[in-house]
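Read the structure below first, then the notes.
The numbers here are math on the coordinates, done by the rules we state, and not lab data. Computed from a predicted structure; not experimentally measured. We place every Cβ from the backbone using ideal geometry, glycine too, and count neighbours over all the protein chains shown.
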């Protein structure tokens, strides 16, 4: 298996600092990191070690200060702002610690937001979102507002929102941090069952050691560097070439 | 995403309604105050517009507005008649005698003395009786508001008497002319009667009313009259604008209305802006999430402007409805008769509301545009 071909994310010597002069803080100090297609990659480490900054740079939400990050073999930092947004819209899905659901939208409407952003008509988008929610066991709460949902249910809606447009990379930031163990476990199970796909990579930033058993690979981070990488049970799947299988910027 | 923008807007019911009512009251205030302002200014020349027979008013060269009269010489009438292009010219007297009812109630009046022969300038809009009865001796036509002021609570009735400067006069008709600027009764009578009501003076001719010959331009004729007589001649429209200009320049009316209108705009901008800003700030993480998902800044601007436009349109419609109801109710009342909601006022307020909502959106737009989408990863 060629890991370069399979790498959805490939970061080399990635650096990021905030501020200048005496206020300068080095957050990423030369990160080498890979996330492979078909795998659930955990990014773990103590608070303040740079995990969130790393996935923000990977997502193109922050620019790096040095080094290189390639998504599906492309350096998105070379994209124009609009190209980057379009790339993100098409290829990335997000799951946040605080869910970040729109309080005025129902569960189905929230899950449909990426499709609406891509210009899909409202009815079609909501119908598709409903089918994803049904798969995630939310069939009976489709028209419920987030305020009427439990934390676990809200995170499932957030998961549906991350999946609905079938992105090739899903970035999860502490998805279980706001949940109790049982609920967190069920959310991770859903993530592992529904998100992991031969054409998709999933990166999960977490502190929660109780869910580590779901990981295919774990990258340990400390003080702005990846200090250890361990592979758990990598899915041995024959992967297609990127240029054949993954059209960029439709 | 328009649907998302509208759901975000209406989802926070309290702020949504707060924004709508802010815009509605701002609209109501603007339309109300501008329409009343224009209505009151139009009243300053209402006696001028009420004279439909003549097109030109000739007066003392120093006269600035209708209420300010300095008597002309009787020979001035003949001189005006002698100007080329004048079809006819008649005299008009304006005085302010006190009228007293038999039960002792009295009021200062606006007394207009019409040319005895032609009754030029007589009110045409009658509620009771006929202006032709002014040919009867000691007769007056009084306006409805004046009648109600002098005979409160009593039905409109002809034949009632008034005492004016020791003259007993009979009400032969009740008119409904445009409301005057001052809330005095408007009385029409013959010139020869009117001069007696106020007491004879050496000269009494307040205005000469002129009708140009067919095909003669009124403004040109005014210039000719001024050149030949040394008097001031104005078309009805010019004279009305003179009155408006005088009150604008010499009274606190524009300042008072201006302050109210300015405050309405400021309050509208500040309250709507602040509420809209708070609404955006409270949804900043959600906007960040939308931004991270891949919504462009242009789309976000569109979403916020759609929200602002929706609030503006609903608030403006509500406010205009409220203003319409207000004028519908108060235009029936005697003190506020003739004050109507002007379409120009509605149109101008619409433009003002667009600016209010644009200003209200600008702060919110700024926050959303500079928002780092990475904010969504911060717990």
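Only Cα sites of the protein assembly as shown enter the Debye sum here, all with the same form factor; the resulting log10 I(q)/I(0) across q = 0.05, 0.07 1/Å is -0.46, -0.63, listed in q order. What's the angle, to the nearest 10 degrees (0 to 90), between helix B:297-330's Cα axis and the longest principal axis of chain B? That works out to roughly 30 degrees. Any chance you could give the angle, 0 to 90 degrees and rounded to 10, that helix B:284-293 forms with the longest Cα principal axis of chain B? Its long axis makes an angle of about 60 degrees. The fewest-to-most ranking of A:49, B:111, B:243 by surrounding Cβ atoms within 10 Å reads A:49, B:243, B:111. Restricting attention to chain B, close to 75% of DSSP beta bridges with both partner residues there are antiparallel. For region B:73-230, DSSP calls about 70 percent of its internal beta bridges antiparallel.
For chain A, the longest principal axis of the alpha carbon atoms and the long axis of helix A:81-91 meet at an angle near 60°. Compute the orientation-averaged projected area for chain B from the convex hull of its Cα atoms and round it to one decimal in nm². Mean projected area of the Cα convex hull: 24.7 nm². Summary value for chain B: 29 percent relative contact order, contacts being C-alpha pairs under 8 angstrom separated by 6+ residues. Kirkwood analysis of region A:117-167, using all unique Cα-Cα pairs, places the hydrodynamic radius at 11.2 Å. Coordinate range of the alpha-carbon atoms in region A:1-119 per principal axis, descending: 45, 42, 31 Å. Subtracting the Cα-Cα distance of residue B:70 and residue B:128 from 0.36 nm times their residue separation leaves 17.6 nm of extension gain.
Of all beta bridges DSSP finds with both residues in the protein assembly as shown, what is the antiparallel percent, to the nearest 5? Roughly 65 percent of the beta bridges in the protein assembly as shown run antiparallel, per DSSP.
Per-residue mean of foreign Cβ neighbours for B:282-293 is 6 (Cβ atoms of other chains, 10 Å radius).
Using R0 = 51 Å, the C-beta based FRET efficiency linking residue A:24 and residue A:124 works out to 0.60.
Legend: ranking of residues B:234, B:124 from fewest to most surrounding C-beta atoms inside 10 Å; resulting order B:124, B:234.
A simple spin-label model places pseudo-atoms 7 Å from Cα toward Cβ; at residue B:105 and residue A:144 they are separated by 7.1 nm. Each label was represented as a point 7 Å from its Cα along the Cα-to-Cβ direction; for residue B:13 and residue B:296 these points are 3.7 nm apart. Here region B:97-144 is treated as an ellipsoid with the same Cα gyration tensor; its semi-axes, largest first and in whole Å, are 21, 12, 11. Tell me the relative contact order for region B:73-230 as a rounded percent, counting alpha carbon contacts under 8 Å between residues six or more apart. Once divided by the residue count of region B:73-230, the mean separation gives 35 percent. Using a simple spin-label model with pseudo-atoms 7 Å out from Cα toward Cβ, residue B:259 and residue B:88 lie 5.0 nm apart.
Only helices enter this figure: runs of n ≥ 4 DSSP H residues, each worth -39500 (n - 2.57), summed and divided by the residues of chain B, yield -17000 deg cm²/dmol at 222 nm to the nearest 500. Seen through its C-alpha gyration tensor, with square-root eigenvalues sorted a ≥ b ≥ c, region B:73-230 comes out prolate because a/c lies at 1.5 or above while a/b is bigger than b/c. In terms of other Cβ atoms within 10 Å, A:86, B:221, B:284, A:159 run from fewest to most in the order B:284, A:86, B:221, A:159.
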